[in-house]
Amino acid sequence: MTADYFAAEDLAQETFLSAYEHLRNFDGQNAKAWLCRIATNKCIDYMSHSGRRSIPTEDIWLEGDMGASPLQDTPENICLEEETKEMLLINCRQLKPPYDEVAKAYYYDEMDVKEIAAKYGQKTKTIQTQIYRARAMLRKIYRKENSA
């Protein structure tokens with residue numbers, strides 16, 4: 001409801017504190033709905049509080065603080081990208097030849113189909129087919145990881 005991970009964490013903690021403080025008033029019926037109602041009210045209070053919403057001034061907007069791209073190079077984004085690329089490399093290495101090398105070149109090294117074809121001395125259509133098949137194999141690997 002808040003679209004802010006850290007605010008949601010704080011509100012969840014406030015929800016359980018409020019529930020604990022008002023436990024003597026709880027009748028014992030439908031605890032899930034009771035907690036959801038408390039959480040909803042906490043979120044509504046958070047969203048309506050005037051200090052939480054700030055409208056950027058022209059100076060702030062021009063400085064780039066509010067107008068920055070969500071994909072900017074923050075330390076967190078850099079770390080997540082490195083971790084994602086490392087997992088991609090590990091998963092590409094799990095594929096059988098020649099799909100492992102083609103997938104690594106295309107997805108990890110970000111090479112063009114023509115560059116890969118020239119590197120391995122293959123036709124571009126062959127490389128395109130191998131990339132298509134490697135993508136399907138990688139998709140299966142990622143689905144197994146997500147379901148586990």
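Figures for the structure shown
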| quantity | calculated |
| --- | --- |
| Förster radius 30 Å - calculated FRET efficiency between THR126 and GLU81, Cβ distance, rounded to 0.05 | 0.50 |
| 23 Å Cα-Cα reach of LYS32 towards lysines, excluding residues that sit fewer than 8 places from it in its own chain | LYS42 |
| Partners for LYS96 among lysines (Cα-Cα distance below 16 Å; same-chain residues under 8 apart left out) | LYS104, LYS140 |
| Efficiency of FRET between ALA31 and TYR5 - r from beta-carbon atoms, R0 30 angstrom, step 0.05 | 0.75 |
| Cα centroid separation - the stretch 17-40 against the stretch 117-148, whole Å | 51 |
| For peptides 73-84, 134-145, 98-109, sequence by mean Cβ density within 10 Å, most packed first | 98-109, 134-145, 73-84 |
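Bear in mind that the values in this text are calculations on the coordinates, not laboratory data. All figures in this text were calculated on a predicted structure; none of them were measured in a lab. Cβ coordinates were reconstructed from backbone atoms using ideal geometry, including for glycine residues, and neighbour counts include every protein chain displayed.
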